[in-house]
1. Going by alpha carbons, how many degrees (0 to 90, nearest 10) lie between the helix axis of 39-56 and the longest principal axis of the chain?
2. Starting from a Cα-only point model with no solvent, please compute log10 I(q)/I(0) by Debye for the chain at q = 0.09, 0.15, 0.19 1/Å.
3. From the protein chains alone at 1.4 Å, what is the descending order of accessible area for Ile83, Ile7, largest first?
4. Run the 1.4 Å probe and let me know the accessible area of Asp98, rounded to the nearest 10 Å².
5. With a 1.4 Å probe and all protein chains kept in place, how do Trp166, Trp8 rank by accessible area, largest first?
6. Within the chain, how many Lys pairs sit with Cα atoms under 25 Å apart, leaving out pairs fewer than 8 places apart on the same chain?
7. Counting each DSSP H run of 4 or more residues in the chain as -39500 (n - 2.57), what helix-only mean residue ellipticity at 222 nm follows after dividing by all residues, to the nearest 500 deg cm²/dmol?
8. Evaluate E = 1/(1 + (r/R0)^6) for Gln44 and His115, where r is the Cβ-Cβ distance and R0 equals 22 Å; express this FRET efficiency to the nearest 0.05.
Amino acid sequence: MEQKQIIWSSDYYTDEDAREEYEKSQRELLDDDEYYVSDHHWSQVVDGYLSDERMNLNQSVNGIIIAFADLGLWRGRKQGYKILGSTINDIFSVSEDDNEWYGDGFNIRGRLTHHDGTHYVLYRVAKDLDEAKRIAEKIYNMEIDEMGFRKRTRSLYPYVANIYGWKNGRFNKKSKAAI
């Protein structure tokens, strides 16, 4: 199984190693051995990392991105969707309290957690808006599951892999095959 290739995770807020590394670099930069990053400033730094990823992924795709979700709700699990747009950073338009976006070697996925549960999201590319609407209707009417969704769409992974330089044997040549 492919290892997760993290795009961004809110786990960075609680990553003490990352926080210590940041403090160390700031101490050197400021020439201040006593520098300590406050919780408020650290959250601004981590939010800045997300802004960086939004800029990195401000790239168009050939089609429309649609999200297929296994939703964790207070009344149980449900299937859902959202038509996002044609720019990769549209994947960040849906978020919860605790978020992680990543590549799994074949697809771009999200794990979005809130007080009632966790949403597991698969982001893929439909040919155009009309096709995305047809697929969304099938999801809404429970006519297709994730496997049916994957059959009707293309992976978003090659677009993201091309930006980050991720390699994948399935798409080859620095993931330009599906672009």
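The values are calculated or read from the model by the stated rules, or taken from the named source; none is laboratory data. What you are looking at is a predicted structure, and each value in this text was computed from that prediction instead of being measured. Note: ideal-geometry Cβ built from the backbone for every residue, glycine included; neighbour counts use all protein chains shown. Ligands, DNA and RNA are excluded from the accessible area calculation, which covers all protein heavy atoms including side chains. Shrake-Rupley method; radii C 1.70, N 1.55, O 1.52, S 1.80 Å.
1. 40 degrees
2. -0.37, -0.90, -1.26
3. Ile83, Ile7
4. Near enough 50 Å² of accessible area.
5. Trp166, Trp8
6. Counting lysine pairs in the chain gives 27.
7. The helix-only estimate for the chain comes to -10500 deg cm²/dmol at 222 nm.
8. E between Gln44 and His115, to the nearest 0.05, is 0.40.
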